[in-house]
4 protein chains.
Amino acid sequence: MTGSVESASGAGPPSSRLIALSDAVFAISITLLVLELRPPTDTAHLARGLAELWPSLVAYAVSFLLIGEIWADHHLMYSQIVVHDRVLLFLNTLFLMSVAFLPFTTSVLATAFRDSQGERAAVIFYGLSFGVGSLLFNAIWWYVRRGRRRIRSDLTARQVRSSTVRFLLAPTLNAVGVLVGAMVPPLGLVFFVALVPLLWLPIRAVDPTSGRATR
Amino acid sequence: MTGSVESASGAGPPSSRLIALSDAVFAISITLLVLELRPPTDTAHLARGLAELWPSLVAYAVSFLLIGEIWADHHLMYSQIVVHDRVLLFLNTLFLMSVAFLPFTTSVLATAFRDSQGERAAVIFYGLSFGVGSLLFNAIWWYVRRGRRRIRSDLTARQVRSSTVRFLLAPTLNAVGVLVGAMVPPLGLVFFVALVPLLWLPIRAVDPTSGRATR
Amino acid sequence: MTGSVESASGAGPPSSRLIALSDAVFAISITLLVLELRPPTDTAHLARGLAELWPSLVAYAVSFLLIGEIWADHHLMYSQIVVHDRVLLFLNTLFLMSVAFLPFTTSVLATAFRDSQGERAAVIFYGLSFGVGSLLFNAIWWYVRRGRRRIRSDLTARQVRSSTVRFLLAPTLNAVGVLVGAMVPPLGLVFFVALVPLLWLPIRAVDPTSGRATR
Amino acid sequence: MTGSVESASGAGPPSSRLIALSDAVFAISITLLVLELRPPTDTAHLARGLAELWPSLVAYAVSFLLIGEIWADHHLMYSQIVVHDRVLLFLNTLFLMSVAFLPFTTSVLATAFRDSQGERAAVIFYGLSFGVGSLLFNAIWWYVRRGRRRIRSDLTARQVRSSTVRFLLAPTLNAVGVLVGAMVPPLGLVFFVALVPLLWLPIRAVDPTSGRATR
């Protein structure tokens, strides 16, 4: 419970309360996704009703995995940040605002595909929302790595570059997905989903305990 | 707040942020169950209206106790894991996705029993949802215990086997419950509920502090 | 992150994950209370519409303060427990089930008072729900203090008795409130609310750090 | 997990459970804001429907940033408190009650601006709700700094005064916003939003690790 939001002394990592708040917002957003799912009202044909919910189920799974992936990257990024200040706090708040927004975006996407109309607008809206979030994520990274003043001093230039490249994948895939989705909506979704396998990409990551590069 | 999601050094348990995220998803899912309950609209006969909500109340209690039991087993399993990697992270994310899904499944179950139709489909859907979750749970365990590379080195073969057997009870009971429920829906529920007393089964568990086997 | 749910060695307090889960359920329940509040639909007379929501606002405040008080007592009780086992885990799960139920109970209460009918049934239902919760709370306490095997060894008999008396106040006031509320509904509420000032009662509490009795 | 709610010994900061509960209420309130947003039902004109949601989107962003700012100040304040007692606990509970109330207030605000009527009442209601919260926040500060008995002993008089002035900005801006909003509703909102840039005001804050004043 130590560490002030104003601390600029570089004596330690961002405060545990900042991490706790971020994790809670992630957890709540990811769990609120389920509220978009409503039981079919026609219980006489319940099995069919459940099957017709497939757009909502797909949207649930896609958003869950995407938010999970963003969380993992947030974890990875913050394990490298050692100096925290109010600019970083504000950027993180903006970023969390985009994360907490995703249950709504997911709901819009599911509604459009269930009605079989408005898919184009929904996919673009979904991609832009995720895109803003991933840009804010990158803004945090560019801010902390500037002059290497706020990240761990034992990180090699190559390790920093590796994170930079990794974090840029999200907005890039999002932008492509929006462009493609503007033409063929379901195809746009494929690009968003493509972010998830990133979880297994062999990356040159950083072990915060030993400082060694690990797979 | 130490421990990277990429850490493969075996220097410690899974990161506290992973545990915090998991616990939060459990807590939110278990608490969102109550949102399925809606006050009767006919307040002139409120007592009767409340009594007619019994399917929702039963569904609430069953799901609450089941999620509570899953949480306890998640706790037990993770107290034995010492090496964490991205495969484990992904499996845990998939597992959490199934946990966060349960308020919806519970809602479907309650709706069917309240309408007195669609119970068969609802019980099967409920059992399959829980079943997928318990299979993912077992997938995590089989992954970490493989070659004993990711679990505590002081665990005896017998202790590991004891956990393996224990964790297999959930998908087994679920499968039986789905089969029985396909014939006699309410009877299927009995098998799901039977998981709860597992909380008291005398088990050969593992004290993470001393490494001794405890009751 | 140490401490197994199976630990029976008495080496330490209940696991931090158990506390974290409990706190999260408290926090979510207390925050979900607000979902019962819906903006008036007639925005042409918004001020009047907001004023007419008073039963919901009162129910929100009462339940928030009561859950806050229960949380404080849960905190106080757990700061005295040093040995944890699966019976305790199960009792705590049942107790959390009653806490997570309160947003629904609160909603029923507000609905009845807003409709000006069904208040009797609503107050009894509210009181019984809180009553079950406070009995489960006491069950935990009676279980852990039995033979003094699961509480801190430095507690004097008088300190234990002081907690016992304090914790019994809740079910007592609840029972009186239900009886009175069965005759004069709003008067029953007064007894439930009376629990809140307990927060300031001079109590012979226990400082978990020094073991000294403090005011 | 140490620290009793009754502790008055001054041996340490407020209990970690109190901080955890507060953070969770902040996180849940800030994330529940999204539930006010509902996908447009007319998916045939989805883009237009989304655009017409702008009052909800603005209300979402404003409340998110304001709650984020309140959280940061709560963090800053609690990093200076070392003695905790039941009065403080109660004040904090009241304060959290006002925080958890904000998703409703935000919903009222968005509804009024979407209907283009009732804006005056909505802005006043919004301002008063935030105002009560910020007064409770200040009540906590005035209580703990009284006689300097509950704050860190290394704080200089100037540092304490600096926090006092900073914390008074919120209720002041709120009061002005309510008065202005009673005449020109949207202009009132501007004063509420003006709180957000406070995040960057150069303040004489306190580093909890070193006790040095930092920027």
Would you check if A:Thr93 is farther than 20 Å from A:Ala139 by Cα and within 9 Å of chain D (Cβ to nearest Cβ)? no
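Yes or no, residue by residue, for (1) touching an Asp or Glu at 6+ places or on another chain (Cβ under 7 Å); (2) at pLDDT 95 or above; (3) buried (at least 23 other Cβ atoms within 10 Å of the Cβ):
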residue: B:Leu96; (1), (2), (3): no, yes, yes
residue: B:Ala110; (1), (2), (3): yes, no, yes
residue: B:Arg114; (1), (2), (3): no, no, no
residue: B:Gln117; (1), (2), (3): no, no, no
residue: B:Phe125; (1), (2), (3): no, yes, no
Could you tell me whether any residue of region B:47-65 is acidic (Asp, Glu) and under 16 Å from C:Leu96 (Cα atoms)? no
Can you spot a residue in region A:106-115 that is in contact with a Ser or Thr (Cβ under 6 Å, 6 or more places away or on another chain), within 14 Å of chain B (Cβ to nearest Cβ) and touching a residue at least 12 places away in the same chain (Cβ under 8 Å)? yes
Do we have B:Arg146 as of a type outside the set (Asp, Glu), within 11 Å of another protein chain (Cβ to nearest Cβ), assigned to a helix (DSSP H, G or I) and surrounded by fewer than 24 Cβ atoms within 10 Å (Cβ to Cβ) here? no
Conditions (1) over 30 Å from B:Arg150 (Cβ atoms); (2) surrounded by 20 or more Cβ atoms within 10 Å (Cβ to Cβ); (3) among the charged types (D, E, K, R); number of the one not met by B:Arg38: (2)
Count of region C:38-83 residues which are of a type in the set (A, V, I, L, M, F, W, C), assigned to a helix (DSSP H, G or I) and more than 8 Å from chain D (Cβ to nearest Cβ): 10
For region D:175-191, which positions are farther than 18 Å from D:Ser116 by Cβ and either β-branched (Val, Ile, Thr) or buried (at least 18 other Cβ atoms within 10 Å of the Cβ) (or both)? D:Val176, D:Gly177, D:Val178, D:Val180, D:Val190, D:Phe191
A:Ile140 vs. criteria of a type outside the set (Phe, Trp, Tyr), at pLDDT 90 or above, crowded, with 19+ Cβ neighbours inside 10 Å and under 16 Å from the mean Cα position of the chain (by Cα): yes
All but one of (1) out of contact with any helix residue (DSSP H, G or I) (no Cβ under 6 Å at 6 or more places or on another chain); (2) at pLDDT below 95; (3) under 17 Å from B:Ala122 (Cα atoms) hold for B:Phe191, so report the exception by its number. (1)
Suppose we filter D:Leu35, D:Leu21 for residues that are at pLDDT below 95, within 12 Å of chain A (Cβ to nearest Cβ) and touching an Asp or Glu at 6+ places or on another chain (Cβ under 6 Å); which single one remains? D:Leu21
Scan region B:175-184 and tell me whether some residue there is modelled with pLDDT of 90 or more, outside any loop (DSSP other than H, G, I, E, B) and over 21 Å from the mean Cα position of the chain (by Cα). yes
Determine if region B:92-105 includes at least one residue that is assigned to a helix (DSSP H, G or I) and more than 25 Å from A:Ala51 (Cα to Cα). yes
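The values are calculated or read from the model by the stated rules, or taken from the named source; none is laboratory data. Being a predicted model, the structure only gives us computed values, none of them experimental. FYI the Cβ positions are ideal-geometry reconstructions off the backbone, even for glycines, and counts take in every protein chain you see.
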